[in-house]
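Presented below is the structure to which this report refers.
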Amino acid sequence: MHPVLKARLRALAAIVAGTLVLGAAHADEAWPKQFTIGYQKFGTLIILKSRGDLDKRLAAHGVTVKWAEFPAGAPILEGMNGGSVDFGITGETPPVFAQAAAGSVVRYIAYEPAAPAGEAILVPKNSPLKTLADLKGKRVAVAKGSNSYYLLVQALKKAGLTLDDINVAFLKPADANAAFAQGGVDAWSIWDYYYAAGQAQSGARVLASGEGLIDNHAFFLASKDEIAKYPEVLKIALEETAKVDLWTREHPDEAAALLSQQVGIDAAILKTAIQRSGFGPKPLGPEVIAAQQRMADALYALKQLPNAITVQDAVVTLPQ
């Protein structure tokens, strides 16, 4: 073979080999080795975890799903800002606090319809408290930065009160439940399924539900880096979530039975909570963003946020 031709063939072979290696590298980069999901003991994601559909679909791309359980939404987003959580779902208030944190990487990618009936301020069945105004001077349990925290703020506002007029006990749901049962607090601002369990197990009375006070949207959130590097993984996560949402809405008894196995709560209680939930992830529109902005502005005015935020800055639409 002519030396020049031979040299050219070697060069071509090297280019082809390099292209193949580069292509393989890009293919590997398209999918993370691990995808960490933050979830709570109720809702769509724990059902998704139980069914295993997302795990199987991502395993085909070499992705391992790590499921990380949290007691509330705020810690999920703290984990996301800290780099240990890639994707999760919370109520409407935690994202506002997360966005206000310095260097926040939390981004909204979808929401579920409003479910104001899914949270309430509870009092013991024999409590003398009859109206929201009766909360003045009383000890009220709530998870700090939770959606039920904003419910409490709005309920007090309706009664002409502020957080300064009550004694706030910042407690995680399990601790608040114990304090409520033992008479350590006078009222409890809480979300489902804890809300439904309080009604069924101790006869707790609703002082005020979220209806007429809050929207109680649920939001799907992801880290900025995850969105930039692996949008396809997030799209798949939302697709599988939508399928589970549809199944849950159409089969509430089966969904409640499945949840019961996971959380150790009677299926009838969980069915009540399911029926008060919103289902079906959708991209955020102007109305939902505006509602979040009103909440952010209200919390900032009350000096609950360290700085003012623009919610739109944290909203991302995944590429199609």
Practice problem: Only Lys, Arg, Asp and Glu count, each charged at its Cβ (+1, +1, -1, -1), so figure out the dipole size of the stretch 180-320 about its Cα centre, rounded to 20 debye. | Solution: 220
Exercise. Evaluate the charge dipole of the chain about its Cα centre and quote only its size in Debye, nearest 20, assuming +1 on the Cβ of each Lys and Arg and -1 on the Cβ of each Asp and Glu.
Key: 440
Self-check item: Listed residue (A115, L318, T272) projecting farthest to the positive dipole end of the chain, Cβ model
Solution: L318
Quiz item: So what are the ³J(HN,Hα) numbers for the stretch 314-320, from phi and the Karplus equation (6.51, -1.76, 1.60; θ = phi - 60°), rounded to whole Hz, Gly and Pro as x?
Solution: 9, 9, 10, 9, 5, x, 7
Practice problem: For the chain, give the share of DSSP beta bridges that are antiparallel, in percent and rounded to the nearest 5; count only bridges with both residues there. | Solution: 55
Self-check item: Built amide H within the under 5 Å cut-off of K66, gap 5+
Solution: F35, T36, I37
Quiz prompt | Given K49/K125; K41/K235; K66/K235, the pairs whose alpha carbons are separated by over 29 Å | solution = K49/K125
Quiz item: Quick one: putting +1 on the C-beta of Lys and Arg, -1 on the C-beta of Asp and Glu, what dipole do you get for the stretch 54-162 around its Cα centre, in Debye to the nearest 20?
Solution: 460
Quiz prompt | Nonlocal amide H pairs with V168, under 5 Å, H built at 1.01 Å | solution = V140
Quiz item: Got a sec to turn the phi values of the stretch 258-274 into Karplus ³J(HN,Hα) couplings, 6.51 cos²θ - 1.76 cosθ + 1.60 with θ = phi - 60°, whole Hz, x for Gly and Pro?
Solution: 5, 5, 4, 5, 7, 10, x, 10, 3, 4, 5, 5, 5, 5, 4, 5, 4
Exercise. Normalising by the residue count of the chain, find the relative contact order in percent from Cα pairs under 8 Å and 6+ residues apart.
Key: 24
Quiz prompt | Helix-only [θ]222 nm of the chain, DSSP H runs n ≥ 4, -39500 (n - 2.57) each, per residue, nearest 500 | solution = -14500 deg cm²/dmol
Quiz item: Setting aside same-chain residues fewer than 8 positions from K303, which lysines have a Cα under 26 Å from its Cα?
Solution: K136, K138, K144, K157, K158, K172
Quiz item: How would Y108, Y230 rank on accessible area, largest to smallest, probe 1.4 Å?
Solution: Y230, Y108
Practice problem: Using only protein heavy atoms and a 1.4 Å probe, report how much of K224 is accessible, in Å² to the nearest 10. | Solution: 100
Practice problem: For the chain, report the accessible area per residue in Å² (1.4 Å probe, heavy atoms, rounded to an integer). | Solution: 47
Practice problem: State the Cα centre-to-centre distance between the stretch 218-292 and the stretch 147-167 in whole Å. | Solution: 28
Quiz item: Once you sort the root eigenvalues of the Cα gyration tensor of the chain as a ≥ b ≥ c, which label holds: rounded (a/c under 1.5), prolate (a/b larger than b/c) or oblate (the other case)?
Solution: prolate
Exercise. Rank these by accessible area, largest first, 1.4 Å probe: T317, T248.
Key: T317, T248
Self-check item: Percent carbon-and-sulfur accessible area, the chain, ignoring ligands, DNA and RNA, probe 1.4 Å
Solution: 53
Self-check item: For H251, solvent-accessible area (1.4 Å; no DNA, RNA or ligand), Å²
Solution: 60
Quiz item: Hey, how much of the P(r) for the stretch 43-122 falls beyond 23 Å, as a percent of Cα pairs?
Solution: 30
Exercise. Work the Kirkwood hydrodynamic radius out for the stretch 123-175: mean of 1/r over every pair of different alpha-carbon atoms, inverted, in Å.
Key: 11.5
Quiz item: In terms of Cα to Cα distance under 13 Å, which aspartates and glutamates are near enough to K271, apart from those fewer than 8 places away along the same chain?
Solution: D192, E250, D253, E254
Exercise. Provide T93, T64 ordered by accessible surface of protein heavy atoms (probe 1.4 Å), highest first.
Key: T64, T93
Practice problem: State whether the stretch 209-256 is rounded, prolate or oblate according to the following rule on the C-alpha gyration tensor (a ≥ b ≥ c being the square roots of its eigenvalues): a/c under 1.5 gives rounded; otherwise a/b larger than b/c gives prolate, and the remaining case gives oblate. | Solution: oblate
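The values are calculated or read from the model by the stated rules, or taken from the named source; none is laboratory data. Treat the numbers as computed from the prediction; the structure is a model and nothing was measured. Counting neighbours? That spans all protein chains shown, and the Cβs are built from the backbone with ideal geometry, glycine included. Heavy atoms of the whole protein, side chains included, go into the accessibility calculation; ligands, DNA and RNA do not. Shrake-Rupley method; radii C 1.70, N 1.55, O 1.52, S 1.80 Å.
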